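FYI, it's all coordinate maths here, none of it is from the lab. Small disclaimer: the values here were computed from a predicted structure and weren't measured. Cβ placement follows ideal geometry from the backbone for every residue including glycine, while neighbour counts extend to all protein chains displayed.
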C-alpha cells in the first residue's frame, strides 16, 4: 500500500454508513501503551527510540492475525506526506512533528493505525463510521491483546497501564466521537452545550484533536481522565451524552427549517454555488461551505449529491491531499486554484450523474 493509493480513496470513517451518520462522523477509541523495558519517550535518546520501534514493528509483523497491515517509516517521510497522514487521521500532529525513529502501521481499510514513538511508545487507535462505540471497543481490545502476546507493557497492579501523561494512567484510553454540529453553531447554542460537557469532565476538541480548531463545524467529544475508571465506565460516560448532543443538533435544524426555511435554503444554495463555480478558494472557506452543504443534503434541501462525497471532499481538499492527488508540491496560491478546480470537477460529476440517472 502506497500513500498515493490512499489519497484517491475513502477511509472507513468517511463512508457515512454508520449509525446516526447524519450527525456523527465517526467513533474512535485510542489506547496508550508503553513497553516495560524502556523509559518514557521524553527520557529516550535515538538509540532507545530505535529499539522501541524495532520491537513494536517486529511484534506487528510477527502477528499473523494482523496480516493486512502496512508499516510506514514516518521519520523518512517528507513533510507533505506526514501532513497527509495527519489529515487522514492516521497519525497525530505530535507524531508528524516529532524527531528520531518513529512510524505507523496502517491496516488496508484504514480502520485502525498503530503509532510508534509518539507521546507514548505505542498508540493504538480504531475508527468506525457513525456512532458505534461498542464495535470500536471490541476491535481495539482484540488488537491490544494480540500485540501484548509479543511484548510486555508497563503496568502497575494498583495504577494500571503506565503512561507519559498522568491523565492517561489507568486504562490509557481516550474515547471520542466526532460530531457535525452546524445548526448549533448557527443558532449560537454551541458554547452553552460545551460548558455543560466540561462540567462532567468531557473535553471538546476540533477536527484534528487537541489544540486544533473546529473547522467545518466538526467537534470531537472525549473523556479527559482515565485513572480510577474502567474501560466500560469511560465508554459509557461518552456514550450516554452523545444521544443528547444528536437531539440538540436535530432540534436546532428543525428550528432553522421552521423559522427561516427560505433564507436557509437560499444560503445553502449560494454556498453550494460558490463551491461549484469559484476560481480559487482557501481550505478554511471550503470547510465552511461544505459544512453548510452537508447540512443541506441531510435536510433534503440539496438533492443531487451524496453525503459520502461531501465527507470525502472535506479531506481531499486539505492542503497535503491536494498535493498528493496532483502529484506535485503547490504553494498556497496554486493550492487555492487547484482546490477550486477539484471541487468543480467532483461536484459537476455528481450533478451530471444525478441528471443522467433521472
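Separation between the residue 63 and residue 284 pseudo-spin-labels, each 7 Å from Cα along Cα→Cβ, expressed in nm?
Result for the modelled spin labels: 4.1 nm.
If you line up the long axis of helix 283-298 against the longest principal axis of the chain, both from Cα atoms, how many degrees apart are they, to the nearest 10?
So the helix axis and the longest Cα principal axis differ by about 70 degrees.
Is the shape of the range 94-244 best called rounded, prolate or oblate, per the rule: a/c under 1.5 gives rounded, else a/b larger than b/c gives prolate, else oblate, with a ≥ b ≥ c the square roots of the Cα gyration tensor eigenvalues?
Numbers: a/c = 1.77, a/b = 1.51, b/c = 1.17.
Prolate, since a/c reaches 1.5 and a/b exceeds b/c.
Rank by packing, highest mean first: peptides 272-283, 190-201, with packing defined as the count of other Cβ atoms within 10 Å averaged across residues.
Numbers: 272-283: 17.0, 190-201: 13.3.
Taking the mean over residues of other Cβ atoms within 10 Å, the ranking is 272-283, 190-201.
Calculate, in nm to one decimal, what residue 2 and residue 230 gain on full extension: separation in residues at 0.36 nm each, minus their alpha carbon distance.
Values: separation 228, 0.36 × 228 = 82.08 nm, distance 3.78 nm.
Extra length from residue 2 to residue 230 when fully extended: 78.3 nm.
Stretched out fully, how many nm does the piece from residue 304 to residue 42 gain, at 0.36 nm a residue minus the Cα gap? Show your work: numbers first, answer last.
Details: separation 262, 0.36 × 262 = 94.32 nm, distance 5.11 nm.
Once the chain is fully extended between residue 304 and residue 42, it gains 89.2 nm.
So what's the back-of-envelope 222 nm ellipticity for the chain, counting only DSSP H runs of four-plus at -39500 (n - 2.57) apiece and dividing by all residues, rounded to 500?
Numbers: 12 runs with 174 residues, N = 358.
Computed mean residue ellipticity for the chain: -16000 deg cm²/dmol.
Based on the Cβ-Cβ distance from residue 157 to residue 262, what FRET efficiency comes out when R0 is 56 Å, to the nearest 0.05? Can you show the working numbers first?
On the way: r = 64 Å, r/R0 = 1.15.
Efficiency, rounded to the nearest 0.05: 0.30.
List the equivalent ellipsoid semi-axes of the range 259-357 in whole Å, largest first, each obtained as the square root of 5λ for an eigenvalue λ of the Cα gyration tensor.
Values: eigenvalues 118, 44, 24 Å².
One finds semi-axes of 24, 15, 11 Å for the range 259-357.
Please compute the Cα-Cα pair-distance distribution of the range 34-115 with 5 Å bins starting at 0, giving whole percents from short to long.
Pair shares across the bins are 3, 14, 25, 24, 20, 11, 2.
List the residues of the range 1-26 whose backbone N lies under 18 Å from a point placed 7 Å from the Cα of residue 70 along the Cα-to-Cβ direction.
1-14
Which three extents, in angstrom, do the Cα atoms of the chain have along their principal axes, listed largest first?
Its Cα atoms span 63, 46, 33 Å along the three principal axes.
For residue 330 and residue 247, what is the calculated FRET efficiency with R₀ set at 45 Å and r taken between the beta-carbons, to the nearest 0.05? Can you show the working numbers first?
On the way: r = 42 Å, r/R0 = 0.94.
Working from the Cβ atoms, E equals 0.60.
If I histogram all Cα-Cα distances within the range 107-192 using bins 10 Å wide from 0, what percent of pairs lands in each bin?
Here the calculated profile for the range 107-192 is 13, 39, 28, 15, 5, 0.
Compare 319, 308, 78 in a GNM of the chain, Cα atoms joined below 10 Å, and give the one with the largest fluctuation.
Answer for the Gaussian network model of the chain: 78.
Under a 10 Å cutoff between Cα atoms, tell me which one of 295, 173, 115 has the largest fluctuation in the Gaussian network model of the chain.
Fluctuation is largest for 295.
Contour minus end-to-end for residue 200 and residue 108, with contour as 0.36 nm per residue of separation and end-to-end as the Cα-Cα distance? Walk me through the numbers on the way to the answer.
Values: separation 92, 0.36 × 92 = 33.12 nm, distance 3.68 nm.
That pair, residue 200 and residue 108, stretches by 29.4 nm at full extension.
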